[in-house]
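Notes follow the structure.
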Amino acid sequence: MRDFVWLLGPAGIVCGLVLALEVQLVAAAPLLTATSILTGLTFSMTTTLWSRNIDARRDPDIALHAEKLSMLDGMLNHLIEAVMAGMAATAALVVTIIFWGSDVPPLVSAIDAFLLIHLLCHVIALVPRFLKMAKLIR
């Protein structure tokens, strides 16, 4: 539940502020570039961790250590969720650029802001998990 609040809370707050202040997104193209790069980065991290996860199950030191396997599985699930959030944010920005260009209505701006902040929260939440996993796997 704590992860749910941490990942969706800030995105909901920003979305509400964008709606309340009637903010119009004017930089969808640069945001699309940044979002695509961040999504690609999380996707490459996911594929790398996926292969490490498979290898870990063959390594006798890790295969019999439930905490290490659980952490790897949790990290892999979080990365997959981050990739899905990135794909949703990228798709929303593409649709925004195609249909509205530079004259984006506040509701669409709020949806884009929600998805972008949600993606950033996923990536920020990954950092401490990586640090904890690095200590545990050594």
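Some points to look at:
- Dividing the radius of gyration of the alpha carbons in region 1-55 by their Kirkwood radius gives 1.15 for Rg/Rh.
- Accessible-area rank, largest first, for His78, His65: His65, His78, with all protein chains present and a 1.4 angstrom probe.
- What a 1.4 Å probe finds exposed on the chain is 71% carbon and sulfur by accessible area, rounded to a whole percent.
- Listed values (1) 58, 27, 16; (2) 119, 29, 19; (3) 86, 25, 19 include one computed from this model; for Cα extents along the principal axes in Å that value carries the label (1).
- Alpha-carbon centroids, region 74-99 and region 37-70: separation in whole Å: 21
- Accessible surface, the chain, averaged per residue in Å² (probe 1.4 Å): 59
- Each of Phe43 and Trp100 was given a label point 7 Å from its Cα along the Cα-to-Cβ line. The distance between the two points is 2.5 nm.
- Gain on full stretching of the segment that runs from Ala29 to Ile80 - 0.36 nm per residue minus C-alpha separation: 15.9 nm
- Relative to the longest principal axis of the Cα atoms of the chain, helix 28-56 runs at roughly 10 degrees.
- Relative contact order computed over the chain (Cα-Cα under 8 Å; 6+ residues apart), in percent: 44
- Protection proxy ranking, peptides 30-36, 127-133, average beta carbon neighbours within 10 Å, highest first: 30-36, 127-133
- Taking the Cα centre of the chain as reference, the dipole from Cβ charges on Lys and Arg (+1) and Asp and Glu (-1) amounts to some 540 debye.
The values are calculated or read from the model by the stated rules, or taken from the named source; none is laboratory data. Values in this document were obtained by computation on a predicted structure and should not be read as measured data. Methodologically, a virtual Cβ is constructed for each residue, glycine included, from the backbone with ideal geometry; neighbour enumeration extends over all protein chains shown. Just the protein is used for accessible areas: all its heavy atoms, side chains included, with ligands, DNA and RNA removed. Shrake-Rupley method; radii C 1.70, N 1.55, O 1.52, S 1.80 Å.
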